[in-house]
Structure formats: structure tokens, C-alpha cells
Amino acid sequence: MTALTEEQQAIVEAVRDFSQSALAPHAVEWDQTKHFPVDVLLQAGEIGLGGIYAQEDVGGSGLSRSDAVLIFEELAKGDTTIAAYISIHNMVVWMIDSFGTDEQRHQWVPQLATMEHLGSYCLTEPDAGSDAAALSTSAVRDADEFVLNGVKQFISGAGTSAVYVVMARTGGPGPKGISAIIVPADAPGLSFGPNEKKMGWNAQPTRQVIFDNVRVPVANLLGREGGGFTIAMKGLNGGRVNMGACSLGGAQWALDKTVRYLTERKAFGKALAEQQSLVFTIADMETELQAARGLLHRAALAIDNDEPDAATLCAMAKRFATDAAFTAANSALQLHGGYGYLADYGIEKVVRDLRVHQILEGTNEIMRLIVGRALLEGSAPTKGQS
């Protein structure tokens, strides 16, 4: 990546201050108590993190995807779980801001941008994960309303969020029958499953969202009818880059902590930093994370420039960054020995949190499929394009 502009440097410093003061001191406690810090998210909204790339006329910050990569890396150094939720919230805001009518944008985005209202994105279902086009939640037109029925699974923020962007079937089978619909939390018939017990991401609630004859106005249709799958896929491009950046931030924090540990800890009469095999390990960690950073910034630039191969670059960056980051965090745990396994050190939390990043926003197997198909179809990024 190129050197940061003065504006980007200022953004990084502001987010770093917030991350280190508002997130980092509480990350382990929130994880252990499964506390979702809504009050701290409101503070995030006050500094513009609720609508990072939403337009300014509805309260957004008007920043680029390249700026967002910097922001999410810094947030994740404070708390990977909360950084990841802020990414998902921003996906909801971006969808409404980008595909909504002017009336929808002014109705929904301002309070989402301040994070007075939180947003959840409802795509995955119990029987439709990677094969999102097979979703079965239905939205049937009844006069001037849609009636929604079905269940969404693994929805971050569910039960706390005020706004749900729901992908539902308004037409026939396949992707062309899917529409995006805005559902407010107070819609009658909307309910939620229990908070899932998870390996990581404990500081954000993850629940089923259940639709039982939920009625919303047809005016809540986002974009055109049948255009929901396109909205979903475009949203996931950015989400994949953000999640890669969250992984990068968590792993970078773990690496920085490990470097300090190796210089302070002694074994066999000398500092661990003098053990060549351990030096090789942190060198590999740094190299992999720098490579991931470069791929993420390249993919973010492709989104900003609306490049035709953006989806492939985002898949490539997400796959590489989340894999490299998990490996680095796991190595950090190993290098800390028994201390790495203790909750108070925070490293085992990062390992648990980063593991899910290899699954969500499209599993890394699906990312490989996207990149491989692009190669076979001749639409992958060409050599030297970066």
C-alpha cells in the first residue's frame, strides 16, 4: 500500500484513541460476561463510525473503503468482536444509503449513522448458508404490504438492533426471486431465538430472527423487487474486506504483544528473543500480515474505483487475510506458552474470535471457488494490475 495521506493518518489516530480507551480495557471482561456494549457503540457513532461510507447528507462520514480498512484494523486491535459488529452494522447502513430512495435514506440512515439505532443483516438461514440463493424466507405481497415468514440464522445484533435488512423471496426460485426489505424491530410477529453459545464473538449477540406473518409496508422494499441478491453480493464484497481487516488488526495486536513477551521472557539462561526458531516464527507472522494488508488495500481500492474484478479481489483478500491472521494469532498463543492459554492475556480470545472470520461473509472455501472460477473464465485480476 502507499503511504497514508494526512487525512488518513488523522483518522487512524482518532480511531486508535477510541479503540485503546473505550474497547481494549474491557474486551476480555465483555467476552467472559457476554456483554454487548451498546453504550460504547453509541460513543463510536459520535465519532462517525456508524456510517463510515454513508453519504454526509444523511449523517454519514463519506469516507472510502480504503479508509474503512484502516479503521477496522485499528478497531480490532481494541476488540475484534466489537470491530466485527461495527462492520456488519455499516453494511446495513451502506445498503440503505446506496439502494434506498431518498425518503428511505432520510428515514432510516441518520439514527443508524449515530448508532442510536443498531442494524442487523439477515441473509443466512438454517438451511441456506453458503448457498444463499436457496433461501426460503418468503415475503408475499398483500395489497400495500409484504407479509414475511421464515427464519434467519446467526444474525449479529439480533434482539438488540432496531433495523433489520432482510433478504426474502418475493418471486420464483434462484437469485432473481430475492428482494431486500427493511424490517423495524417493533414489527408485530417479529421474534428472536436465544443468544447462541459460541466459541468466540461472545460480546455480540447472535440469534435467530423469526418472522411469523410480519407485515411491513411495500415502501420498505429496498431497491427493485428481485434485486435483493445483487444488493447482498455487493454488500458482501465490502464486508469481506472489512472482516479481513478485523482479522488483521486482531493478529497484529497479538504479534505486537508477542514481540514484547519474547524480549522480556527468559529460558535456558537467555531471552526468548535470542532463540532463532522463535525469531523465524515472528518473522513469518509479520511477512504474512504485511502481505494480507497489501491485498486488503488493493481490494478496497477496487471497490472504491468500481473495478470489474472487485469481487474476485475481495474474495482473494478475505481468504488470505483471515487465514494468515488466524495462523498468526495461533502462533502468538503458542509462543506465549501456558500464559497464552490464560484468558487474562487476551490472546486466546483473539484466536477464538478470528476463527469464525474464516467462515462468515462467505466461507474461505467459497472464496477459493470465486477466485478459481474467475481464473477459468478469464476475468481474474491480470498480472501486474496491482
Computed about the Cα centre, the charge dipole of the chain from +1 Lys/Arg and -1 Asp/Glu charges at the Cβ has a magnitude in debye, to the nearest 20, of 1160
By the DSSP-based rule, helices of the chain that are at least 24 Å long along the axis (C-alpha) and have a mean Kyte score of at least -1.0 are 80-99, 228-264, 276-304, 310-335
Of the convex hull drawn through the C-alpha atoms of segment 220-296, the volume per residue in Å³ is 98
Per principal axis, largest first, the Cα atoms of the chain extend in Å by 79, 49, 41
Length gained if Ser64 through Val38 is fully extended, taking 0.36 nm per residue and subtracting the Cα-Cα distance, is 6.8 nm
Taking the chain and counting helices only, DSSP H stretches of n ≥ 4 at -39,500 (n - 2.57) each over all residues, the nearest-500 ellipticity at 222 nm comes to -16500 deg cm²/dmol
Between the alpha carbon centres of segment 296-357 and segment 167-186 the gap in Å comes to 31
Most packed first (mean Cβ within 10 Å per residue), the peptides 129-138, 359-368, 64-73 order as 64-73, 359-368, 129-138
Segment 1-40, convex hull of Cα, quarter of hull surface, nm² -> 3.9
The size of the Cβ-based charge dipole (Lys, Arg +1; Asp, Glu -1) of segment 252-299 about the Cα centre, to the nearest 20 debye, is 120
Along principal axes, largest first, the alpha-carbon spread of segment 199-241 in whole Å comes out as 38, 30, 12
Protection proxy (average C-beta count within 10 Å per residue), highest first, orders 118-128, 338-348, 171-181 as 118-128, 171-181, 338-348
The size of the Cβ-based charge dipole (Lys, Arg +1; Asp, Glu -1) of segment 232-377 about the Cα centre, to the nearest 20 debye, is 320
Which of Lys77/Lys152; Lys77/Lys198; Lys198/Lys257; Lys197/Lys318; Lys197/Lys257; Lys152/Lys197 exceed 23 Å between C-alpha atoms? The answer is Lys77/Lys152; Lys198/Lys257; Lys197/Lys318; Lys197/Lys257
Output for segment 45-157 (equivalent-ellipsoid semi-axes, sqrt of 5λ from the C-alpha gyration tensor, Å, descending) is 27, 20, 11
Given the candidates Tyr339, Leu248, Ile303, the one whose Cα lies deepest towards the positive end of the charge dipole of segment 246-386, counting +1 at each Lys or Arg C-beta and -1 at each Asp or Glu C-beta, is Tyr339
Taking only the alpha carbons of segment 263-386, the radius of gyration and the largest Cα-Cα distance, Dmax, both in angstrom, are 17.9, 58
Check: C-alpha center segment 12-43 vs C-alpha center segment 216-285, spacing in Å is 17
For segment 207-343, the Kirkwood Rh over every pair of distinct alpha carbons, in Å, works out to 17.7
Listed by chain and number, the lysines with an alpha carbon less than 18 angstrom from that of Lys176, same-chain partners under 8 positions apart left out, are Lys234
Expected sort for 78-89, 267-278, 184-195 on mean C-beta neighbours within 10 Å, highest first, is 78-89, 184-195, 267-278
Projecting the Cα atoms of Tyr261, Ala139, His117 onto the charge dipole of the chain, where Lys and Arg contribute +1 and Asp and Glu -1 at Cβ, the residue farthest towards the positive end is Tyr261
Charge dipole of segment 24-105 built from unit charges on the beta carbon (Lys, Arg +1; Asp, Glu -1), centred at mean Cα; most positive-end Cα among Gly48, Gly62, Gln32 is Gln32
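Values quoted throughout were computed directly from the atomic coordinates according to the rules given, and no laboratory measurement underlies them. The structure displayed is predicted, hence computed values, not measured ones. Don't worry about glycine lacking a Cβ; one is built from the backbone with ideal geometry, like all the others, and counts go over all protein chains shown.
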